[in-house]
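All of the numbers you see were taken from the coordinates with simple rules; none came from a lab. All values reported here derive from a predicted model rather than from experimental measurement. Every residue, glycine among them, receives a Cβ derived from its backbone with ideal geometry; neighbour counts consider all protein chains shown.
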Amino acid sequence: MTKLMALTSNMVRNKVKTIHGLFGIYVLVTLVLSAYQTLRYHVKIGGWIEYAEVVGAFATFIVFLIIVIRTEKILDSSTYRLIPITEGKLYTANIVSTIVAFLYFELLNLIFTFLLNPVSFIRGLNSTLNDTPLSILLIMVAMIFAMFVLIVALVTLMHLVNSVGTTFLPAIGQKITRVVMVVLSIVVVSYVFGGLQYLVSLIFTRTQVFNSDNGFWVATALSPVYVLALALVISAVNIYLLRNWVEIKVKAG
Amino acid sequence: MSNLLEIKNLSYSRNLHSILENFNLEIPQGQIVGLLGANGAGKTTVMRLIAGSFLYRRGTISVQNSQTVAERKSKVSFTEQASHLEMNAPLSKIGDFYNEIYEDFNLTNFKQLLAELGLKIDQKLNQLSKGNYRKFVIAVTLARNVDLYLLDEPFDGIDSMSRKKIIASIISWKPDSATILVSDHHVADIANLLDSVVVIKNKKVIAKEAANTIREELGQDIETYYESYYGEENDD
């Protein structure tokens, strides 16, 4: 039987390889764009950090999309589904490697931004630390992490439900039923995101829901836990679907 | 001889279309068994169900008394396990991947099999012709040390020289105790390889016979035996 660690480290390595490629493109685009701005509009080299931040935000979105697509492909690929390991471990290895790969990209992004202008980077960091209490910053980081896990789990849920439909619904009229299922999935996901948005707004705008500061802090500190718990529940559903309903994707021909 | 594979009362549907119904099959250890049937008879589906890539709701499948699907997967090497690989990866990297993931994968055997089949380890997957790709799939499948090998149409679309090379590899690399289930609808391609044949028709096993019995007692070759069940229906 395949070991969870062996599978996880293999998946991490494969996804990190993708990250390196994407990060290379991001660095290249940033440098070319910044150099052009310097030559054309005499922007100082110290100002390149701003272009890195703009391109970096876009790159983060692209990396997220590509890594999530790779994550989903694993779940119905015969190469991975035939590995002698339980579906729970396959799912865990897949999601853990996705998280590690994404964090790795963000780390590379931070190092790159720092190298472009260390003084400006540290000044910005100091300013953030001075303006926002450390506890709130930590909760923000925890919340972003929890939301990332939740979003990946939700995308997987939509993918797996769609995959079940492909296998079990009648071939005739399947396009229509799949459209209905996608619309339903979007409604459910939108509902969950609505709840998340409300939760985030509670943390960062301190609305008057809480009667005392104590109550506010407890609820704020716990909110990433709620989101993570929701992600775990959805993950449990995903594993159930993988184990009992989701078959490999069959190549035509 | 004890049974390596036992399938009992297996039924399977896909898209509300029934493919197998009350399918029963027992295969002893150490044999090369031909799974014969026309296109769409369910040969690939049977293999996918045994390998664990398709899920069944009625019946049982057991390989060496396996209790769980993961355990069954550890005893089966299926040609489809190599069908979703990164196409721009060199064969050496793919070998490393299997070596890391499968405890029963033998990298040395894999390299020897590739060499025997005329493939170079530094070739990329997307550089292989259809025939060479089939050889690579056979090399990956046989490089695992398992109880049951499932070869789904291993000679599909390849020339006679390549076919001979693959057959030679299958014969020389098969461990004595291992069983090989090989499917094909071009029966002549695999006839000389087989210890016994299983014919699938109408969602069931309709015949199962030892190759020697077919040749010596029935006085037929395997192709004629198969055609006696399919006759003119099989237009392939």
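Rounded to the nearest 20, the Cβ-based charge dipole of the protein assembly as shown about its Cα centre (Lys and Arg +1, Asp and Glu -1) stands at 1240 debye.
Taking amide hydrogens as placed 1.01 Å from N in the peptide plane, the amide H of B:Tyr149 sits under 5 Å from those of B:Ser77, B:Thr179, B:Ile180, B:Leu181, each at least 5 positions away in sequence or on another chain.
Counted by Cβ distance under 12 Å from B:Pro28, the other residues give a net charge of -3, where Lys and Arg count +1 and Asp and Glu count -1.
In chain A, the calculated helix contribution to ellipticity at 222 nm averages -30000 deg cm²/dmol per residue, counting -39,500 (n - 2.57) for every DSSP H run with n ≥ 4.
Taken one residue at a time, the phi angles of the stretch B:133-140 give Karplus couplings (6.51, -1.76, 1.60, θ = phi - 60°) of 5, 4, 5, 4, 4, 4, 4, 4 Hz. Gly and Pro are set to x.
Can you tell me the alpha carbon radius of gyration of the stretch A:1-130 divided by the globular rule-of-thumb value 2.2 N^0.38 Å? Present the calculation step by step, with values, prior to reporting the outcome.
On the way: Rg = 18.5 Å, N = 130, 2.2 N^0.38 = 14.0 Å.
The value comes to 1.32.
Summarising the amide proton neighbourhood of B:Leu4: residues at separation of 5 or more, or on other chains, whose placed amide H is nearer than 5 Å comprise B:Ile27, B:Gln29.
Bridgeable lysines around A:Lys17 (alpha carbons under 25 Å apart, same-chain partners fewer than 8 residues away excluded): A:Lys3, A:Lys73, A:Lys89, A:Lys249, B:Lys93, B:Lys111, B:Lys120, B:Lys124.
When the alpha carbon gyration tensor of the stretch B:3-233 is reduced to an equivalent ellipsoid, the three semi-axes, largest first, read 28, 21, 17 Å.
Amide H contacts under 5 Å for B:Arg58: B:Ser11, restricted to partners 5 or more places along the chain or on a different chain, H placed in the peptide plane at 1.01 Å from N.
Considered as an equivalent ellipsoid built on the Cα gyration tensor, the stretch A:132-247 has semi-axes of 36, 14, 10 Å, the largest given first.
Think of the protein assembly as shown as having a plus end and a minus end, set by charges on the Cβ of Lys, Arg, Asp and Glu; of A:Asn162, A:Ser34, A:Thr92, A:Ser34 sits farthest toward the positive end of this dipole.
P(r) for the stretch B:158-236, from all Cα pairs and a bin width of 10 Å, is 15, 47, 33, 5 %, short bins first. Ranking of A:Phe61, A:Phe168, A:Phe148 by neighbouring Cβ atoms within 10 Å, starting from the fewest: A:Phe61, A:Phe168, A:Phe148.
Can you give the translational diffusion coefficient of the protein assembly as shown in µm²/s, computed by Stokes-Einstein from the Kirkwood radius over Cα pairs at 20 °C and 1.002 mPa s?
The diffusion coefficient I find is 83 µm²/s.
Screening chain A for whole DSSP H helices of 24 Å or more along their axis (Cα) with average Kyte-Doolittle hydropathy at least 0.5 returns A:4-41, A:48-75, A:87-116, A:134-168, A:174-205, A:213-244. Taking the inverse of the mean reciprocal distance over all distinct Cα pairs, the Kirkwood hydrodynamic radius of chain A comes to 20.9 Å. Could you give the Stokes-Einstein D for the stretch A:9-66 in µm² per second, using the C-alpha Kirkwood radius, 37 °C, 0.692 mPa s? D = 265 µm²/s. For B:Lys165, a cut-off of 18 angstrom between C-alpha atoms picks up these aspartates and glutamates, skipping any fewer than 8 places away in its own chain: B:Glu116, B:Asp152, B:Glu153, B:Asp156, B:Asp184, B:Asp189.
Of A:Thr18, A:Asn117, A:Val63, which is farthest towards the positive pole of chain A's charge dipole, taken about the Cα centre with +1 and -1 on the beta-carbons of Lys, Arg and Asp, Glu respectively? Selected residue: A:Thr18.
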